[in-house]
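The values are calculated or read from the model by the stated rules, or taken from the named source; none is laboratory data. Keep in mind the model is a prediction, meaning the values are calculated, not measured. All Cβ positions, glycine included, derive from the backbone under ideal geometry; neighbour counts span all protein chains shown. Accessible surface is based on the protein model in full, side chains and every heavy atom, while ligands, DNA and RNA are left aside. Shrake-Rupley method; radii C 1.70, N 1.55, O 1.52, S 1.80 Å.
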Amino acid sequence: MNTSADAGRASGRRVNLNSDYRPLRERVRDEIRERIINGDYAPGARIIEREIADELGVSRIPIRESLRMLEIEGFVAVLPRKGVVVKALSESDVRKLFEVREALEVCATRLAASNASDADITRLRKLLERAEQADAKGAVDKVQQANVGFHDELIKICGNEILGGLLEPLQGRLHWLFRQHAHPGDLVAEHRALLEAVASRDPEQATEAAMAHVQTNRERALKWLFHTEEQAGEA
């Protein structure tokens, strides 16, 4: 089984935890979370406090605090006789994740259609164009980055900080799901429909587009991760 040290060496990235003024535990949490999302720490991999503290050049206290935060977010679990491991999402976890995503993201998209400025639409359009160009070149990583950026920007545009705060801990796990996606280019066409719905400033059209997007992604994720087919008419 891979450990945190193995993953740290595999990531090959230089780590700078001094790039902002947030508490150290939050910066460490973000670094570990990003490695999980990127696949540097695979599901089931052990996160060893001492090893990652040595690698990041910090004490074990912020490592321990960050791991508690990641446990609450659902990225890691504490198992008897194993310690902290990267959590593998079960089929039930994914279904529940999409239930919450549907409630929050559909609401955010509806609000975005009501609140979006011309500048907001332009930013979304540029992210979509970036994804389309990357997809045409077969640059999967860049497609995924643009897809994630599109969703993050859509949440900002909705203009509801409370809704954005509720979605924030969910976004990391959704980003992980996007990276497991068999065909990230499929998302690009769906994002085109979302963009046009938001650009229309029609909340009802945006609601329908967002609902269809979430439901299609749930079916695709379940099929890809668990070979599960949704039953017709299943919510």
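Scan segment 35-71 for residues that are within 24 Å of LEU174 (Cβ to Cβ), of a type in the set (Asp, Glu) and surrounded by 17 or more Cβ atoms within 10 Å (Cβ to Cβ) and jot them down.
Matches in segment 35-71: ASP40 only.
Run down LEU97, LEU89 and say which single residue is assigned to a loop (DSSP other than H, G, I, E, B) and closer than 25 Å to GLU219 by Cα.
Values: LEU97 fails: assigned to a loop (DSSP other than H, G, I, E, B).
Exactly one of LEU97, LEU89 is assigned to a loop (DSSP other than H, G, I, E, B) and closer than 25 Å to GLU219 by Cα, namely LEU89.
Residue-wise test of (1) farther than 22 Å from GLY172 by Cα; (2) at pLDDT 95 or above.
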{"site": "GLU91", "(1), (2)": "no, no"}
{"site": "LEU97", "(1), (2)": "no, no"}
{"site": "ARG101", "(1), (2)": "no, no"}
{"site": "LEU104", "(1), (2)": "no, yes"}
{"site": "ALA108", "(1), (2)": "no, yes"}
{"site": "ALA112", "(1), (2)": "no, yes"}
{"site": "ASN115", "(1), (2)": "yes, yes"}
{"site": "ILE121", "(1), (2)": "yes, yes"}
{"site": "LYS126", "(1), (2)": "yes, yes"}
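Search segment 72-99 for residues being farther than 19 Å from ILE37 by Cα and not small (Gly, Ala, Ser), and hand back the single one that is least open to solvent (accessible area, probe 1.4 Å).
From segment 72-99, those farther than 19 Å from ILE37 by Cα are 79-83, 92, 99; that's our starting set.
Filter once more, keeping what is not small (Gly, Ala, Ser): 79-82, 99.
Numbers: LEU79: 69, PRO80: 98, ARG81: 233, LYS82: 104, GLU99: 117 Å².
So, considering only residues that are farther than 19 Å from ILE37 by Cα and not small (Gly, Ala, Ser), the one least open to solvent (accessible area, probe 1.4 Å) is LEU79.
If you scan segment 144-186, which residues turn out to be within 12 Å of ALA221 (Cα to Cα) and among the aliphatic types (A, V, I, L, M)?
Listed by number, the residues that qualify are LEU174, LEU177, ALA182.
Given the conditions (1) at pLDDT 80 or above; (2) within 27 Å of ASP30 (Cα to Cα); (3) open to solvent by 40 Å² or more (accessible area, probe 1.4 Å), which single one is not true for GLN205?
For GLN205, the failing item is (2).
Pick out the one residue from GLN145, GLN133 that is without any contact (Cβ under 8 Å) to a residue 40 or more places away in the chain, closer than 21 Å to GLN171 by Cβ and of a type outside the set (Val, Ile, Thr). Give the derivation first.
Working: GLN133 fails: closer than 21 Å to GLN171 by Cβ.
Exactly one of GLN145, GLN133 is without any contact (Cβ under 8 Å) to a residue 40 or more places away in the chain, closer than 21 Å to GLN171 by Cβ and of a type outside the set (Val, Ile, Thr), namely GLN145.
Only residues in segment 160-173 that are in contact (Cβ under 8 Å) with a residue 60 or more places away in the chain and over 16 Å from GLU102 (Cα atoms) count as the first member; pair them with residues that are assigned to a helix (DSSP H, G or I) and open to solvent by less than 50 Å² (accessible area, probe 1.4 Å), Cβ under 7 angstrom, at least 6 apart or cross-chain, and list the lot.
Pairs found: none.
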